[in-house]
Each structure stands twice: as structure tokens, then as C-alpha cells.
Number of protein chains: 2
Amino acid sequence: MTSTLDASPTTAAARAQEWFAAFEDALRARDVDRAAGLFARTSFWRDLVAFSWNVTTVEDRDGVTDLLRATLDRTDPSGFAVSEPPDEADGVTTAWFTFATAVGRGRGMARLVEEDGGPRAWTLLTTLYELTGREEPRGPARPKGAEHGVDRERLTWSERRERERAELGRREQPFVLVVGGGQGGIALGARLRQLQVPALVVDRRARPGDQWRSRYESLCLHDPVWYDHLPYLPFPDNWPVFAPKDKIADWLESYVTVMEVPYWGGTEVRRAEYDPAAAEWTVDLVRSGPDGEREELTLRPRHLVLATGMSGKPNVPVLPGQDVFRGEQHHSSAHPGPDGYAGKRVVVVGSNNSAFDICGALWEHGADVTMVQRSSTHIVKSDSLMEIGLGALYSEEAVAGGMTTEKADLVFASIPYRVMHEFQIPLYEQMRERDADFYDRLEKAGFRLDWGDDGSGLFMKYLRRGSGYYIDVGAADLVADGDVRLVHGQVDRLTEDAVVLGDGTELPADLVVYATGYGSMNGWAADLISQEVADRVGKVWGLGSDTTKDPGPWEGEQRNMWKPTQQEALWFHGGNLHQSRHYSLYLALQLAARHAGRETPVYGLAEVHHRR
Amino acid sequence: MTSTLDASPTTAAARAQEWFAAFEDALRARDVDRAAGLFARTSFWRDLVAFSWNVTTVEDRDGVTDLLRATLDRTDPSGFAVSEPPDEADGVTTAWFTFATAVGRGRGMARLVEEDGGPRAWTLLTTLYELTGREEPRGPARPKGAEHGVDRERLTWSERRERERAELGRREQPFVLVVGGGQGGIALGARLRQLQVPALVVDRRARPGDQWRSRYESLCLHDPVWYDHLPYLPFPDNWPVFAPKDKIADWLESYVTVMEVPYWGGTEVRRAEYDPAAAEWTVDLVRSGPDGEREELTLRPRHLVLATGMSGKPNVPVLPGQDVFRGEQHHSSAHPGPDGYAGKRVVVVGSNNSAFDICGALWEHGADVTMVQRSSTHIVKSDSLMEIGLGALYSEEAVAGGMTTEKADLVFASIPYRVMHEFQIPLYEQMRERDADFYDRLEKAGFRLDWGDDGSGLFMKYLRRGSGYYIDVGAADLVADGDVRLVHGQVDRLTEDAVVLGDGTELPADLVVYATGYGSMNGWAADLISQEVADRVGKVWGLGSDTTKDPGPWEGEQRNMWKPTQQEALWFHGGNLHQSRHYSLYLALQLAARHAGRETPVYGLAEVHHRR
């Protein structure tokens, strides 16, 4: 016993060393039970592509055993090395590490606790960041640009770009077709280009950034700049905290140029069909040129990525009387902004982000605005969310403290979804306390507030259902002060000049805005491919948390996002700028591995429990 | 004596501490002699705007005395603090420091040597980087973007941009008009915007980057990426080492958008005149719109910056017979590239960078090419220049070693021009040795090589005369191998179908390219303002080194660049990307100080010794 005690690690560094040495030793011996025994009884191993060719989390020793039995031999992990001095706090040792697999290089983070007299992994994150043989041309491996020497076959950069433009989609088929050219599609397009995967991003709007330009005038990002960087090209340090929509649009357009993302604007996908025998898609498109000329084209990519936006498929309620209503009515996504509505009576149906943004701008422009709250809403003040919710990882202070975007993303990714709400609840308790007066005023005005089913707040709502909240940038005061009228209930019907609620309340209206949210992204698959394929892949987004609008069973990861689906060669990509940046890496690596002809057996392909 | 020895500093840190304490003490006491006594007998103090409101170097204790007598009281320097652990090598202590002045904040670098029993400054660099009250909105001071709260007078970002576009040059006069929208004008425009100085950049070409797009096809930057970053927005790490011209053009265009540089393309300056009484310029312009509509405008800026390019004023020789020659003839700057010249006989007059680039591309495209060498040329191989000439400051290795662009620029700036050649000579000796075979082959082929008048090589040639060299990226081999024919001499005249040299040699030609360089930038002043003003400001560029094409007397700094000239409110800006980046800061600060109404008494305004 004494010698055991003497040998036990006393520092975080020694503890981490010991654990990784034991882990690598067990893996090398292919001793799955021994490896699983190095995990705590309650534990989570999240793997982003490195072991599983999937985005997946397994739980406890049984889960670890299952993952390793399926993947250990072919993954052949080795070279685990602690990459910076581990931290220790509250009995948890946090260790960053790198490792290699049969096909590439990875990095990760472990949280170790003491259990049964030795260090045990409570959480383990493993991520692949590079495929051997497909290393990105960056830093010391950047392209030379000029080809020195003399060469009678030389093509200049612009000649090569021109040739590529002329041939892509005609003589050259893209290996990957990305439908949707917002931040998600563009970030993925940039990564695929870096990974030498022939890809094409298409979008129905003319120019990159038009996805943002076309939104209501007052729109600014609700997430702060530190959270929003795209891969490769961070915003300069004079970039606004909350970028206005047209500025982010200009950035995306420049980004496409600078990163040389193959991008077709003005391109509508008419129909896509998968041929399993040929292992390729047939995608019919119509491409509009700058002078309005239209060309019909058929592409045959091997993989199809729907990056059409988790907020891209408008949920428009179908209501009696919509055909007789004489005013204007549109979904929030089609709202042009407040110009021209001064003095008009506007009914905004909904009480989340878009509803508040639109109500605020309309009020500022002198409209007479009524908000229809249909169900309770979670509101947090932007400043409080920034400071308490994001500050540790994504803030000027975090940057000054040496936190990089990449590291922050990995910290974020390292927290298992199963217990993430436990980390979130105390943060929202702080916010509730800090802004108690604000919430009092809103409740006194009759606004129905919630904090998520379990009090875990905004980010969990985002992950679970992608809706149900407002990040307050000022418009909540309009409701609290009664400047924007608040009513409750469901809309029953429209008349020629009013919205009628279930209780018979009539709201005279010149304009009705349906700020009623968005449907699951597999709706895009129904439109572009078939209802059958949409049903086969099922609902997109959500964790299966069995909370409002996120039915169980537990999935452990976001449904269908950035990982293989039940439809071969069909992928979903999107989310906020953070997710578009970070998860585009893993999706791009999965696609690059397939392009490189590597074996990519998928562990733990998720079953489908919900169609939408 | 013993106590003196005991008290003498023994470490670099202590030595630097001692020196700065003594220096600050002398300055605070306004004891100029004591301060000057802290300099070595041979010493150089280079000041970028901080003390002198000029870009100036003074030498030895007399120079220091003169500078301080003129500037000390109003500069009121204080708070000198060593900002990182000093280095010591070969008896020289190198110390980085920060300080404050009456109007702003500065940083600098000192090289201390032991003389007369104590540390003495051998070189001192002082630079202003920030004006109090005009701090740039960056990092923690970045703009918020969204204006939270509700505000009926709110303008969105795009409305504000739109209003600014509509009013600038009409209802709002720019304080600064920058003529020339290449990298120089754009970098300055970005800095002025950050400094809240109303400015406008105009260029006769339609789009930012067209300055590069219009050049010959094969052109790539001859300087590597680490040397080429623009302010605020560094290239991403996948940027090519030597950016092709169209890629750098696209970058510049994106940069203008992202940095919100007020930029008018398609704008020709017709005439500019200064009214000393009103202290403003009258500038007549013609602006062409996207649909070819033309508008005549008169602007009234307070300051006029010519950023038309040190390689912007073509030197076209006037030769008998140019009117009878039946082929095509143009200056290298107008050369369209090699397409269409296959099988043609081309005579390229000149043997520097453009000549070699053009000869190489023409040969690759099957032209029959003759190079006319008129005088000796300095050639270094690109790889050797990168490794030996720039590697310590601007390379992947330097970046990996923690060297930032900003620090590298200051190191570069800290070496006094008077002795810079002494630092350069050994580097070029290394290159000559490393590539001895290459030089042998060139000389055997009859090519006349030089290494600068004093063997100090390329960079000194660039600073002294801006010409006389080729950074070899492959075309030198064509001359060495005889693929490109080499002849010597001056062109005497043209006939209908040939170029005739002074010795009577006839060179049959379908195309003559005059790769004959560029004239001094004050030629632009002659064109746009008047010959009188051009003569008053005199030659632009050069150090007065009394070497070929850089006549004395010694100036100490580059003539007329980035600093006040003999014409009030007229400035010159330009150079390579490094200079455009670094010196735009000091020019912008000088202009911002004037915009802010600060007193800016200029110390050491240079006299004019040469008209061009």
C-alpha cells in the first residue's frame, strides 16, 4: 500500500501523464476492458470523427467498451501526448492532448477525476483535425504562388481560376455539392477547398451575403464577434461586437473571393435524386447569369450537403381568412423592414427574437404595433448573456488571457450534452438575479417568461429546439412600457382587416407578420429530394432531451447535423457562426476522407425517431 | 571607483533600466546636454513623428542636442518603460520601450553600448503610435455595431454608409484627398478612417486592385507574404508566398470593402491648386460611373496626398524613329502580357525586374526575344533573398519564433540609413557565395552584373534609387542559356521594323517594350499641380547616398516620403507593401493631428537639392 501511495501522482501533470500512459498502453494492447476501466463510472467520451467517423458521444464504461470494440483496430490510435501543462480545480484535472490515428492527427481534452485510487476520465473529447496525405497548405506548407523557373505550359493563377470556373459543373463534376451559401455553406466550401475536395456551393440568391442583405434592416448579429469568426480569416480587431447584417454580408462576399470558394449565386436547385448503384446524385439546377440569362444544368456530385439554414425553412401558419385579408401579410423572413409602415397597424404573431426585432424597428418608425404572444418566451439581456454566458471563452478578456478561438471551440465541444444543462443553470440564475428589475417589469406588463423547462436557459433552448427566446437588445422595454401592445392567445382566423384570436379578440391590422419560426431542415430534403428521403433521415436538430419541442429519446448529439444520416451521401450543415466555423471542420474531414478513398465505417449511426 | 564599479549595471535589464532612468531624468529636467551625453559619440536617433512631427534622423550628440532644443518642451516626454526583457549580443544591449508625449503614446527601441564607463545609446528609435483623444476603436474599444435600446432617430449601418457615400465630396469635404488607390492609398485610407479623419481615396481605374489587374499576366509579388501584410487585416495563413497579381488585386478590393475605405474608382484628377490663405486645395476631378456617365466635381480638401506609386510615372525614352516604327511599342507598365506575341520578334529595352519578367513570359509563349542591357544590373535569386535577406524578420520561421509584423517593422525601422549598408553587405556576400555558379553562368553569357556601388545589394538600391535590380524567379536562366538573346548598348533610334543601337546593331522587331523604369514622383505634382510646385518639393525618393542615381548631399531619410514637404499640405506616400503598411501609420498620425487641430511644428524640414 505504501508503495502504491508513493507512486500515486500528486500533481496535475503527473496525473495526466499517468492516465494517458495507461490509456495508450491499454489501447496498444487492444485491451478494451482495461481502457474502459480508465473511465469513471459516470463518464462521457465525445468523439468528433477521430474514432467513430461520426459525431457521437458514448457514456460510461459500457459505452466506451462498445465504441472501442467497434473502432479500436482500424483507428489504431497512438502517440498520446499532453500538449500543455494541465490545470487542476475542484478535484478535476483538465488536460489537453494530441494523438495520431491510422488516417490522421487529432487533438482532444480530458477531464480526470480520482476514483478507485487513481485518475479516471470523467469526460474525454477526441477530435480529428487533419488527414494524413491531405494536410492543408497553410503556414510552412502554404502555396508558393509564383512558380519560379520557366515553363512553356505555365498557367497563371487567373488562367487556372478561369479554367476551373469554366469546367466546374460541366467537364468537372464537384465531388460535393453544397446547397446554401450562407455562413455554413461558405465555411464548408472554404474548408473543402483547403482539403483539395472538388466542391461547389450554390445559392438561389445572386451574391454571397444576400442571405443577410435580404433580411430586415435593423438586423444585427445577436452573438458577439469573438464567437463569430469564420475559419482561416478572423475578423480584424476593429470589427463591431454585433455586426450589422449588411456588414456581415459584405464580409461573406469578400470571404468567398479571398478563400476562393467555388460559388454559384442565382442558382436554384430544382430536384435531387440519389442513385445508390452509381453512388451519385443527379441534381437539376437553374442558374441565372448577371444579365438574367437562365441555364438549366444537371450536376452529378457524390455527396449532397444541405446548408440551407436551420432558420431557412419558414413555418407559415395556415389560417382561415388569409385569402380575404386585404392588408399585407408575410413571414418574418420576408419582412422588408419598417420603412413605409409609419402609422400602420401591425400585428406581429410570435414573441421570440425576430418578433422583438421587428416590433422594435416598426415602433421606431412610427407603426402601431401589437405583439401576439402564443407561448412563454425566454428573455436574457444581451450584455448579461455576453458577460455571464460567453465571457469566459468568447470575449476581449478571454482573448487577452490567451484564449484562442480554436481552443474555446474545443472547450465548448468538450462539455457533454447530457450534463451541459447543469453547467448552464447557475449562469442563468446569475442573470435572473442581476436583471431582476427588468424581469419584474416584463412580468408586470403581462409578458410570460420562462427559463427553459429545467431553468437551463438560452443556449440549451437553442440546442434543443432552436427557438423560444429573445436576446434583448432593447425592444423588451417597449413591451414592458406598453409602447408595443401585448396580447395573448392563438390566432384563430383573419378577417378583411383584422387578426382574430381564439378568445374572439379582434386586432385591426394593415400588416400581419408571422414571426412563427422555422421548420426542421429535413423539410428541405422533402422539397428538393422527396418526402420519402425526408422521412428516412427524420427530424434535424435537437438532442432528444424530452423537453418542449425536443422529444426523446435521448440522442446524445444534435440530430443529423454534420454527420452521416440514414440517407447515404446526404448531409446537413448549418447553425450559428460558431457552429458553422467549428463543425464545418469535421464535416469537411468526413467528406475529404471519402474523396481520398479512405475507409470510413461509421460507428453509431443514429436511428430516426421523429419525422419532423 | 570601487563603488562606481559596484553600481555599474551587469545585466542587460539593469543596463537598460539605468539608461532610461537617466534619460528620462535629463529630459524632465530639460537638461539637453545631459541627455545628449547619454548618446554614444557616434550615434543615431531616428524619430518617426513622436518628437519631430517629421520622419527624421539626427546624428551624434550635436544632432541630439539640436533635436531636443527644438522639440523637448512641447513634446514633454515621460513614462519611459522597458517593455520586454532586453537582449544582449556583441556588447550591444537591445531594449524595447514605451513612452508618452504631450499628445500621445509612443514606442521605440534603443541599442546601448558601453562608452565612458556607462551605457550610451548608439541607436535610438522613437515612434508615435497613438494620439490621445484619437485612439483607434479596436479590441476592447471596438464599436458595438448594434445600438441597443430603442431610438426613433436610429440609422442602420447601411443607412449611415449610404448617407456618407452620398455626402462625401458634395456636402462633406474630405479633410484629406488621397490620389492613387493602390496598396499605399488604400492602407492610408484605412488608417485615416480608423483615426476618424474624413478622407477620400480616388483612382483613375474603375475598381480597387485594377492597378495590379492591368499589369502583365505573369506578374507575382516579388516580396514574400510575411513582408506584405496590410494594416489591420493580415493575410490568412494559406496565402501564397508570392501572391499572383490578380489575387492581390482581389484582396485589395475586399480590403476596401471590409475596412470601409472611402474610395472612388474611375476618377481622374484634372488639376489641383493650393490656396495658402484659405489653407485648402481646389481639386478638379472627373468621376465616371459604372454605366459610363461622367461627372465633373471640385473638391476642397485641406491636405493632398499623392500615392500614385513610386512605380507609377513611366519613364518612356524619346527616340528618333518612334513615329516611323510600324510595329507595336509600349512601356513595360502598359505591356498586356505575352498572349498574341508567339513567333513575334520582341526587343525589350532594359534589364531589371520588369524586363526579365516580360522576357520570361514572352519566351514561354514562343516569342523571339532580345534583351537590351543598357547598364549593369544587380540580380539575386528569390530564394536566397528570402532566406538571407528577409528571413530573420519576415518568414514562417520568424513568425514561429514569435516575431510579429509590427515588431519586425520596428526592427527594420531602427537601423539608421547611414549605416544600413554595413548591415547589408555581409548578407549579399553570402548570397554571392551561395549562388556562385549562377553568377558565373550569367557572366559567361555576357550579362553585366553589379552589387550596388558599395556591394550593399538590392535593398539599398531600392532605397537609394528604386531601380537597378532583378529578383530572379527563373528568367535569368533564359539569358544565361541564350534562350533570350542579350545585346548591350543604348538605343539610338527606331526604323520601320527595327531597333538600332548606338553601335549600329539592328534588332528586327515587331514589338518594342521599354522596360525603362519610372520617374520621380514629383512628376505627378508637375502634372496635377504645376511645375513650380514640383520643383519646390523636388525629387522624391532616395537617401542622398551619393551613389549611382542617388546624388548627395546626404538626406538621412527618404526624400519627401511620408513627411512634410516644402509645399504646405502636400504629401507623398507609396513604396512596397511593407512601406505602405508601416509608414502609412506615421503619415496618418500627422494628418490626424492636423485634423484634430493640434500644434504640429515640424523639426528638420528637408531642404531641396534636386528637382527630379
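The values are calculated or read from the model by the stated rules, or taken from the named source; none is laboratory data. This one's a predicted model, so the numbers in the text were calculated from it and none came from an experiment. Note that we place each Cβ from the backbone using ideal geometry, even for glycine, and neighbour counts take in every protein chain shown. Only protein heavy atoms, including side chains, enter the accessible area calculation; ligands, DNA and RNA are left aside. Shrake-Rupley method; radii C 1.70, N 1.55, O 1.52, S 1.80 Å.
For this structure, a couple of remarks:
- Flag for B:Asp409 being modelled with pLDDT of 95 or more, outside any loop (DSSP other than H, G, I, E, B) and over 25 Å from the mean Cα position of the chain (by Cα): no
- Considering only residues in the range B:200-218 that are open to solvent by less than 10 Å² (accessible area, probe 1.4 Å) and of a type in the set (A, V, I, L, M, F, W, C), the one that is farthest from the other protein chains (Cβ to nearest Cβ) turns out to be B:Val202.
- No other residue among B:Trp96, B:Trp19 is modelled with pLDDT of 95 or more and within 29 Å of the chain's Cα centre (by Cα) apart from B:Trp96.
- Qualifying positions in the range B:328-366 - under 19 Å from B:Pro508 (Cα atoms), more than 14 Å from chain A (Cβ to nearest Cβ) and either open to solvent by 30 Å² or more (accessible area, probe 1.4 Å) or without any contact (Cβ under 8 Å) to a residue 40 or more places away in the chain (or both): B:Glu328, B:Gln329, B:Gly340, B:Lys344, B:Arg345
- Of A:Ser375, A:Ser414, all but one fail to be under 27 Å from A:Leu230 (Cα atoms) and touching a residue at least 40 places away in the same chain (Cβ under 8 Å); the exception is A:Ser414.
- Within the range A:333-359, the residues that satisfy the criterion of being of a type in the set (Gly, Ala, Ser), closer than 17 Å to A:Tyr470 by Cα and modelled with pLDDT of 95 or more are A:Gly350, A:Ser351, A:Ala355.
- All conditions but one from (1) over 30 Å from B:Gly360 (Cα atoms); (2) within 14 Å of chain B (Cβ to nearest Cβ); (3) more than 28 Å from the chain's Cα centre (by Cα) apply to A:Arg163; the one that does not is (1).
- Against the test of being of a type in the set (S, T, N, Q), out of contact with any Gly (no Cβ under 8 Å at 6 or more places or on another chain) and within 22 Å of B:Leu131 (Cβ to Cβ), the options B:Gln531, B:Gln567, B:Gln590 yield a single qualifying residue, B:Gln590.
- Screening the range A:456-484 for residues that are open to solvent by less than 20 Å² (accessible area, probe 1.4 Å) and in a loop (DSSP other than H, G, I, E, B) and picking the one that is farthest from A:His222 (Cα to Cα) gives A:Val484.
- Of all positions in the range B:55-62, none carries a residue that is touching a residue at least 12 places away in the same chain (Cβ under 8 Å), in a loop (DSSP other than H, G, I, E, B) and open to solvent by less than 10 Å² (accessible area, probe 1.4 Å).
- The listed residues are B:Glu496, B:Glu506, and the only one of them that is within 29 Å of B:Ala342 (Cβ to Cβ), open to solvent by 50 Å² or more (accessible area, probe 1.4 Å) and in contact (Cβ under 8 Å) with a residue 40 or more places away in the chain turns out to be B:Glu496.
- Criterion applied to A:Leu589, A:Leu528, A:Leu501 was being open to solvent by less than 10 Å² (accessible area, probe 1.4 Å) and under 30 Å from A:Glu328 (Cβ atoms), and the one residue passing it is A:Leu501.
- Residue that is farthest from the chain's Cα centre (by Cα) [pool: residues in the range A:302-313 that are open to solvent by less than 60 Å² (accessible area, probe 1.4 Å) and modelled with pLDDT under 95]: A:Lys313
- Members of the range B:25-54 that are touching a Lys or Arg at 6+ places or on another chain (Cβ under 6 Å), assigned to a strand (DSSP E or B) and of a type in the set (A, V, I, L, M): B:Ala40
- Taking the range B:255-277 as the range and being farther than 17 Å from B:Glu162 by Cβ and either open to solvent by less than 40 Å² (accessible area, probe 1.4 Å) or hydroxyl-bearing (Ser, Thr, Tyr) (or both) as the test, the residues that pass are B:Tyr255, B:Val258, B:Met259, B:Gly265, B:Gly266, B:Thr267, B:Val269, B:Ala272, B:Tyr274.
- Matching entry among A:Gly604, A:Gly597, A:Gly544 (being over 16 Å from the mean Cα position of the chain (by Cα), farther than 28 Å from A:Leu230 by Cβ, assigned to a loop (DSSP other than H, G, I, E, B) and free of Cβ contacts under 8 Å to residues at least 12 places away in the same chain): A:Gly597
- Among the residues of the range B:295-342, the one identified as part of a strand (DSSP E or B) and among the hydroxyl-bearing types (Ser, Thr, Tyr) is B:Thr298.
- Test result for B:Arg138, within 7 Å of chain A (Cβ to nearest Cβ), of a type in the set (D, E, K, R) and open to solvent by 50 Å² or more (accessible area, probe 1.4 Å): yes
- In the range B:542-555, the condition of being out of contact with any Ser or Thr (no Cβ under 8 Å at 6 or more places or on another chain) and closer than 22 Å to B:Gln211 by Cβ is met by no residue.
- Residues in the range B:222-233 include at least one that is open to solvent by 20 Å² or more (accessible area, probe 1.4 Å), at pLDDT below 95 and over 30 Å from A:Cys359 (Cβ atoms).
- Count of the range A:430-442 residues which are open to solvent by 30 Å² or more (accessible area, probe 1.4 Å) and under 32 Å from the mean Cα position of the chain (by Cα): 5
- Any hit, the range B:78-86, residues being in a strand (DSSP E or B), hydroxyl-bearing (Ser, Thr, Tyr), at pLDDT 95 or above and over 28 Å from B:Glu568 (Cα atoms): yes
- Matching residues, the range B:375-393, being crowded, with 19+ Cβ neighbours inside 10 Å, more than 14 Å from chain A (Cβ to nearest Cβ) and modelled with pLDDT of 95 or more: B:Thr377, B:His378
- Residue among A:Phe235, A:Phe242 that is among the aromatic types (Phe, Trp, Tyr), under 30 Å from B:Ala146 (Cβ atoms) and at the interface with chain B (Cβ under 7 Å from one of its Cβ atoms): A:Phe242
- In the range A:245-259, the qualifying residues are those that are within 7 Å of chain B (Cβ to nearest Cβ) and acidic (Asp, Glu), and the one that is farthest from B:Leu155 (Cα to Cα) is A:Asp250.
- Residue in the range A:476-483 that is within 14 Å of another protein chain (Cβ to nearest Cβ), in contact with an Asp or Glu (Cβ under 7 Å, 6 or more places away or on another chain) and among the small types (Gly, Ala, Ser) present: no
- Taking the criterion of being open to solvent by 20 Å² or more (accessible area, probe 1.4 Å) and within 22 Å of B:Val533 (Cβ to Cβ), the residues of the range B:278-296 that qualify are B:Ala278, B:Ala279, B:Glu280, B:Thr282, B:Asp284.
- Among the residues making up the range A:169-196, those that are more than 14 Å from chain B (Cβ to nearest Cβ), open to solvent by 20 Å² or more (accessible area, probe 1.4 Å) and not in a loop (DSSP other than H, G, I, E, B) are A:Glu172, A:Gln183.
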